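The values are calculated or read from the model by the stated rules, or taken from the named source; none is laboratory data. No experiment lies behind these values; they were computed from the predicted model shown. Methodologically, a virtual Cβ is constructed for each residue, glycine included, from the backbone with ideal geometry; neighbour enumeration extends over all protein chains shown.
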């Protein structure tokens, strides 16, 4: 058994260069009416991460980068009446003085989305600076601005992480939490500091009022990655799986490139994180219907009829409709086989990890906090956990 300790802070500069996407400027979109209609009736698991990006929170951001795919893989184990729910993640930053004071130093980095590569991209673009941390304001903004589900069995969770007093700013945190709870959103708080300060700083009070969980973590803790005999095989499968993606549309090529960039971002943290991302990509949660023909045809078997030739990659534009259909079917079968292989390997990988964790103890980091609370809430709502 090998445990690799990685100093995430030392990797921050490299990961910033490896990221792509916007630079995190001050533009904040106008709030939309609360709770728009999404048009989807499937059960949803919606998780909004509200991260303090003030100067003292470099360690928290590095933990989020390192643990994103581990969190996603926990969410993918949840089933409701045997069916896989839609998984959506959102990302906010707050407390950063590079952001506009008119927005309460808050930025919606990404609304709730199934585009996990986008979340990874945005997460790796975050930097810290400042600042003034207004917890009530960011909870209120996340509650009002985003398209939260309406099904009784939807799981709607906000995780807010930081280390300053919870009651700063002009928006009362108690009112913001009350409004969130009216719409069945659970507020979980993660205090990144000395536990003795958590009560006086009102982080535990906020979790209690939000019907969520309170956690205290060391944001600067080095993460121990457990390497397994199955990791390299899973990453090789991922390389093959990337070859099954067939881009289409105006954003297709860019999205396919971003998939590779996010593979590199995960690898820049550690081999284990790259393995976790590979596992996520083998699950139903990793949905690229908006740019990949294989996923698109899986959703709509008649999709190829409505896609123009010029929207296809160059090597397919001269093909007949029958040839294109055959090509996509081939890639579909290839991916299915690779995903099944990764799934089988990951069962063995998880067994290995759990065995080593029983020997060495589990870590108390951002991922552990989120995973424990998600599973506990899921069980109360009738979800089951399936590996």
Residue among 329, 303 that is over 21 Å from residue 72 (Cα atoms), surrounded by 14 or more Cβ atoms within 10 Å (Cβ to Cβ) and without any contact (Cβ under 8 Å) to a residue 60 or more places away in the chain:
303
Could you list, ordered by first residue, the pairs with Cβ atoms under 9 Å in which the first is in the stretch 362-374 and closer than 20 Å to residue 220 by Cβ and the second is assigned to a loop (DSSP other than H, G, I, E, B) and modelled with pLDDT of 85 or more, at least 6 apart or interchain?
364/218; 365/218; 365/219; 366/219
Is it true that residue 139 is free of Cβ contacts under 8 Å to residues at least 60 places away in the same chain, within 22 Å of residue 216 (Cα to Cα), assigned to a helix (DSSP H, G or I) and touching a helix residue (DSSP H, G or I) at 6+ places or on another chain (Cβ under 7 Å)?
no
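Each row is one residue, and each column tells you yes or no for (1) over 17 Å from residue 124 (Cα atoms); (2) assigned to a loop (DSSP other than H, G, I, E, B); (3) at pLDDT 90 or above; (4) in contact with a strand residue (DSSP E or B) (Cβ under 8 Å, 6 or more places away or on another chain).
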residue: 27; (1), (2), (3), (4): yes, yes, no, no
residue: 40; (1), (2), (3), (4): yes, yes, no, yes
residue: 68; (1), (2), (3), (4): no, no, yes, no
residue: 88; (1), (2), (3), (4): yes, no, yes, yes
residue: 110; (1), (2), (3), (4): no, no, yes, yes
Being crowded, with 20+ Cβ neighbours inside 10 Å and in contact (Cβ under 8 Å) with a residue 24 or more places away in the chain narrows it down to one residue among 277, 240; which is it?
277
Which condition number in (1) in a helix (DSSP H, G or I); (2) in contact with a helix residue (DSSP H, G or I) (Cβ under 8 Å, 6 or more places away or on another chain); (3) crowded, with 16+ Cβ neighbours inside 10 Å; (4) not assigned by TED's automatic domain parsing to the domain that holds residue 191 is the one that residue 367 fails?
(4)
Every residue from the stretch 190-203 that is within 24 Å of the chain's Cα centre (by Cα) and either crowded, with 22+ Cβ neighbours inside 10 Å or more than 15 Å from residue 56 (Cα to Cα) (or both):
190, 191, 192, 203
Is it true that some residue in the stretch 165-178 is closer than 30 Å to residue 296 by Cβ, touching a helix residue (DSSP H, G or I) at 6+ places or on another chain (Cβ under 9 Å), in the same structural domain as residue 217 (by TED's automatic domain parsing) and at pLDDT 95 or above?
no
For residue 318, state whether it is at negative phi, in the same structural domain as residue 252 (by TED's automatic domain parsing), exposed (fewer than 13 other Cβ atoms within 10 Å of the Cβ) and at pLDDT 90 or above.
yes
